[in-house]
Amino acid sequence: MKNILIIGSTGQIGSELTMYLRNLYGNEHVVAGYIAGAEPKGELRDSGPSALADVVKAESIAEAVKKHHIDAIYNLAALLSVVAEAKPRLAWQIGIDGLWNILEIARENHCAVFTPSSIGSFGLETPPVMTPQDTIQRPRTIYGVSKVTTELLSDWYFHKYGVDTRSVRFPGIISYVTPPGGGTTDYAVDIYYCAVRGERFTCPIKAGTRMDMMYMPDALHAAQMLMEADPGRLVHRNGFNIAAMSFDPETIYASIRQHKPDFEMTYEVDPLKQAIAESWPDQMDDSCARQEWDWEHHYDLDDMTKDMLDKLANRLL
Ligand code: SER
């Protein structure tokens with residue numbers, strides 16, 4: 001990869017991925033793609049090039065790709081699960097019509113493409129424990145439907161046209177930088193903000209509901225590692241199960257209480273979030289990623305808790 005375009009560079013994952021890749025490949029080689037109204041600010045704006053790159057305006061992507069001689073695109077444009085249920089048409093336009101635009105431009109300009117899938121691509125009929133790489137995917141959220149389509153369309157472009165598409169199924173991603181918006185797993189981010197501010201946390205997910213989660217540094221590393229992986233070893237393409245930790249609200253609460261014994265949590269279950277959470281795996285089997293491109297995670301729950309509390313205290317207090 002010589003020149004990279006990040007689509008959605010001001011979002012939850014994009015903001016950190018842009019800086020991570022600039023550190024690895026050089027600032028001038030990583031272009032922060034943005035949409036009107038969400039322009040990069042601060043370090044993101046000042047440390048390297050940026051370009052308008054709106055997935056629903058194909059010409060903006062084509063222009064950015066040509067101008068910056070892009071050969072790899074990280075496509076992070078998406079609406080998260082809860083917000084997508086409220087805006088399904090927009091979720092599809094961004095997730096699928098947008099992906100089509102990107103894949104066509106990638107085909108014409110010989111770019112590799114990374115478009116994340118998610119635990120949301122699974123559904124109630126999927127085996128929830130040690131969810132296999134290749135298994136039933138019948139999600140009932142529009143987010144999940146668009147993620148399964150993302151996987152299939154990305155595979156199709158690879159088999160039909162040789163476009164180098166690769167992706168992972170991200171668990172819920174936890175970070176202290178850019179807050180997520182409208183996801184089912186967001187409670188596991190919000191809980192740390194409350195703990196650091198000394199507020200009681202009201203949990204929207206029932207005790208006992210486990211989901212796969214991952215700390216942002218592992219998620220960034222996974223995306224970059226997969227894009228650099230030897231294609232000759234890849235049996236799969238879109239998208240690899242990747243796992244790091246799996247917990248329910250009681251477990252993350254207990255992890256935080258080791259540092260903040262007075263922290264309080266109560267429950268007010270959100271029926272939509274709960275139904276979505278119950279349809280997602282408890283814990284994925286990521287052995288294919290480990291075998292095919294040496295994926296490994298570095299943070300478990302307690303490592304993450306310590307780091308989140310330290311970093312958020314620096315930012316918020
Ligand atoms: N974090 C996403 C969500 O909760 C799942 O990939 O919507």
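None of the figures in this text is laboratory data; all of them are computed from the coordinates on show. This structure is a prediction, so every number in the text was calculated from the model and none was measured. As a convention, Cβ positions derive from the backbone with ideal geometry for all residues, glycine included, and neighbour counts pool all protein chains shown.
For this structure, a couple of remarks:
- Sole residue being of a type in the set (S, T, N, Q) and more than 13 Å from the ligand (Cβ to nearest atom), chosen from T149, T141: T149
- Pairs where the first residue, in segment 82-100, is more than 20 Å from T165 (Cα to Cα) and away from the ligand (no atom under 16 Å from the Cβ) and the second is outside any helix (DSSP H, G or I) and of a type in the set (F, W, Y), C-beta under 8 Å, 6+ apart: none
- The set of residues in segment 176-199 that are within 14 Å of the ligand (Cβ to nearest atom), surrounded by fewer than 23 Cβ atoms within 10 Å (Cβ to Cβ) and small (G, A, S) comprises G181, G182.
- On the stretch given as segment 32-49, residues that are under 24 Å from S118 (Cβ atoms) and either within 16 Å of the ligand (Cβ to nearest atom) or surrounded by fewer than 15 Cβ atoms within 10 Å (Cβ to Cβ) (or both) total 1.
- Where a residue in segment 184-197 is on the phi < 0 side of the Ramachandran plot and its partner, wherever it lies, is within 14 Å of the ligand (Cβ to nearest atom) and β-branched (V, I, T), with Cβ under 7 Å and at least six apart: T184/V82; T184/I276; Y187/I205; A188/I174; V189/I174
- Given (1) crowded, with 17+ Cβ neighbours inside 10 Å; (2) within 19 Å of P180 (Cβ to Cβ); (3) in contact with an Asp or Glu (Cβ under 9 Å, 6 or more places away or on another chain), index of the condition W293 fails: (2)
- Note on segment 145-245: enclosed strands (runs of 3 or more DSSP E) holding 1 or more residues that are closer than 18 Å to G14 by Cβ are 168-170, 172-174, 211-215.
- Every residue from segment 152-175 that is hydrophobic (A, V, I, L, M, F, W, C) and either within 16 Å of the ligand (Cβ to nearest atom) or closer than 19 Å to A275 by Cβ (or both): V168, F170, I173, I174
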